[in-house]
Amino acid sequence: MSGTLGALYRDGDVIIREGEMGDCMYVIQSGRVEVVLSGEHGEQHLAFLGPGDFFGEMALFERQERSATVRSAGNSQALKVDKKTLLRRIGEDPLLAMNLLQIMSHRIRDLDAEIARHRETHL
Amino acid sequence: MRLSPQKSVADSFSSLAREDRSGFELVDGSRVAVVGGGPASSFFSFFLLKMAASVGLDIHVDIFEPRSFKRCGPAGCNHCGGVVSESLVQILAAEGISLPAQVVQRGIESYVVHMDVGSVDIHSTAGERRIAALYRGNGPREGGDSRWESFDGYLQEMAAGLGATVVRKLITGIDWREGFPWLRCADGETVRYDLVTVASGVNSNFMHMLDGLPEPLKSPQTTRAYVCEFHSTEEEVSRILGNGVHVFLLDIPRLEFAALIPKGQFVTVVMVGEDLDQELVHAFLQDPVVQACFPTNSTPCVCSCSPLLNLGARTRPYADRVVLIGDSGVTRLYKDGIGAALRTGKAAATAAIFHGVSKDDFARHYWPACRRIANDNAIGKVMFGTTAIFKRFRFLRSLMYRMAMREQEQASRRPHMSSLLWNMFTGSAPYTEICRDALHPGFAGNMILNAMAGLWPARRRPAQGPLS
């Protein structure tokens with residue numbers, strides 16, 4: 001459709017790769033992406049993300065390598081949000097960061113629950 | 001304010017929002033009226049209700065907009081070129097507001113700058129579509145394509161989703177009784193509000209009603225733009241214009257700039273200039289450079305208007321219990337009016353929730369956001385003045401073309417001219433930043449080198465690039 005924003009990714013296309021440096025985050029416009037982490041025993045599935053979800057936001061706050069690989073699960077559309085554009089706007093309107101903080105806070109909460117489940121199964 | 005370890009951030013915000021500020025604070029049950037239903041209105045209502053919920057405030061918001069954005073033609077239109085800039089698309093996404101495909105008529109990935117010396121296609125550095133061409137209402141009179149939805153309607157539904165009430169009534173006056181504003185509706189009803197937010201734009205009659213306020217607000221300086229729609233087929237519009245906005249820098253007296261924006265089966269023509277009249281419109285449309293960009297089977301203009309544009313900030317877009325946002329108060333010069341609507345709408349909502357609705361509250365916590373835009377516009381005027389000089393002299397137009405063309409062909413690491421033209425016409429960067437880029441020594445050096453190359457006789461130059 002001519003009215004979609006962002007870039008189109010086909011099934012299996014890697015959008016960000018673990019270990020690479022990044023200077024932007026992504027917002028999913030349509031479709032689904034899979035977040036995976038490489039480990040000793042091969043790739044480990046972390047999560048599926050859908051429309052409206054963010055990924056790659058850690059690159060905005062720290063100069064570190066990407067912590068996971070994100071690839072398209074089926075066709076998906078994702079919009080790149082530049083670090084410079086976002087940080088300039090946060091400088092004018094610090095409340096914009098609240099939205100990102102809320103999402104990161106939800107993720108920490110999910111991780112806490114995941115760790116608790118993991119401990120229970122190993123005790 | 002220091003946060004005690006026992007208090008959460010939300011509790012601290014809550015107590016800040018509830019501090020007594022001599023009756024000018026919003027409290028549970030406060031009523032807020034928003035006059036006008038465009039983007040500034042929806043952004044203000046959306047953020048006001050979102051912030052109110054975050055601090056546990058229960059307030060009531062009425063959006064007064066008699067028009068339905070579901071109607072085609074002028075009845076459902078907000079008279080605008082309808083482009084959401086690259087930076088705004090990203091900021092909206094970060095705010096959690098994604099523009100769906102049915103609202104975006106076309107995702108734009110390039111700006112094509114046309115001059116008599118040639119045309120140069122400047123692509124987004126992101127390599128993806130991050131600019132949205134859309135209709136504020138439901139398209140021109142001859143639209144009726146049910147696939148699309150109005151942008152203003154989409155934002156209004158978003159605000160309504162958080163609890164704002166859309167009142168389909170025309171406001172006919174504002175009275176002042178016992179220190180509170182009362183809105184008069186066309187059906188005779190009058191309602192008292194704790195805060196009246198004016199988001200009706202500069203084209204509304206409501207602006208004249210503000211003359212009756214205890215402290216009248218001075219109107220901003222305005223100029224007229226010209227917007228018209230040409231009908232073709234989606235395939236033809238795609239073939240001729242592609243996914244690009246076409247901008248014209250032509251040496252036509254009184255014309256500041258003009259653009260063709262592809263939108264589905266329509267092409268929107270936007271012109272900004274001095275004393276825009278039919279003669280100027282005709283001169284532009286008949287120019288051979290413009291004619292070459294028109295879809296061959298397009299029908300004559302099917303819908304047109306000459307809306308007012310806000311050219312300068314009000315000296316004081318607020319009073320006790322009244323605040324003016326978007327075009328009604330301060331907007332960006334010629335570009336990114338929707339971005340200014342977001343900035344002023346959110347800044348006014350933040351001031352109202354966390355500080356209060358008195359003149360002093362708005363002066364301290366809302367006016368800085370407006371002043372930033374107004375100061376940036378002052379630089380913008382200088383930048384547009386410089387562009388006008390380039391537009392006037394063929395030598396300078398050739399220089400501009402040569403630099404931008406080579407940068408695009410060679411995928412230059414520092415595309416100074418392309419970046420400058422991109423930011424000037426897309427409205428993605430503040431004018432201050434564009435000016436700083438224009439003063440970069442690398443840009444000046446590059447320009448001198450290109451100017452010298454342009455003066456070197458063509459027969460002695462190695463053959464490279466279209467102007468060599």
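One table, with the values for the structure above:
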read-out	value
Two-site FRET efficiency, residue B:58 against residue B:191, from Cβ-Cβ distance with R₀ of 22 Å, rounded to 0.05	0.75
Rounded tilt (10° steps) of B:39-54 against the dominant C-alpha axis of chain B	50
In Hz, Karplus ³J(HN,Hα) per residue of region A:54-59 (6.51, -1.76, 1.60; θ = phi - 60°; x = Gly, Pro)	9, 8, x, 6, 4, 5
Shielding by other protein chains, B:100-107, mean Cβ within 10 Å	5
Packing rank of B:367-377, B:415-425, A:105-115, where each peptide gets the mean count of other beta carbons within 10 Å, highest leading	B:415-425, B:367-377, A:105-115
Listed peptides B:357-365, B:265-273 by packing density, highest first (mean Cβ within 10 Å)	B:265-273, B:357-365
CD proxy at 222 nm, helix term only [per DSSP H run n ≥ 4: -39500 (n - 2.57); per residue of chain B; nearest 500]	-11000 deg cm²/dmol
Overall Cα dimensions of chain B - principal axes, largest extent first, Å	80, 52, 37
Distance between region B:162-223 and region A:86-109 - C-alpha centres, whole angstrom	34
Max mean-square fluctuation residue, GNM over chain A, Cα-Cα springs under 10 Å, options A:57, A:92, A:40	A:40
Helix-only mean residue ellipticity at 222 nm for chain A, each DSSP H run of n ≥ 4 adding -39500 (n - 2.57), per residue, nearest 500	-10500 deg cm²/dmol
For the protein assembly as shown: Kirkwood Rh in Å [reciprocal of mean 1/r, alpha carbons]	25.7
Estimated dipole of the protein assembly as shown in Debye, rounded to 20 [Cβ of Lys and Arg +1, of Asp and Glu -1, Cα centre]	1360
Positive-end residue of A:95, A:16, A:122, charge dipole of region A:7-122 with Cβ unit charges	A:95
Shielding by partners, peptide B:84-97 (average Cβ within 10 angstrom, other chains)	6
Among A:56, A:39, A:74, residue whose mean-square fluctuation peaks in a GNM of chain A (springs only between Cα atoms under 10 Å)	A:39
At q = 0.12, 0.16, 0.23 Å⁻¹, base-10 log of I(q)/I(0) for region B:221-285 (Debye sum, equal scatterers on each alpha carbon)	-0.32, -0.54, -0.94
Estimated FRET transfer efficiency when R0 is 45 angstrom, pair residue A:47-residue B:279 (beta carbons, to 0.05)	0.15
Relative packing of B:107-113, B:218-224, which averages over residues the other C-beta atoms within 10 Å, highest first	B:107-113, B:218-224
Simple label model, 7 Å out from Cα along Cβ direction - residue B:205 to residue B:432, nm	4.0
Other protein chain Cβ atoms within 10 Å, averaged over every residue that makes up B:342-351	2
Quarter of Cα convex hull surface for region A:7-122, i.e. mean projection, nm²	8.0
Kirkwood-type radius of region B:388-456, with distances r between different C-alpha atoms, in Å	12.4
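The numbers here are math on the coordinates, done by the rules we state, and not lab data. Not measured: the values here are computed from a predicted model. Glycine gets a Cβ as well: all are built from the backbone with ideal geometry, and neighbour counts include every protein chain shown.
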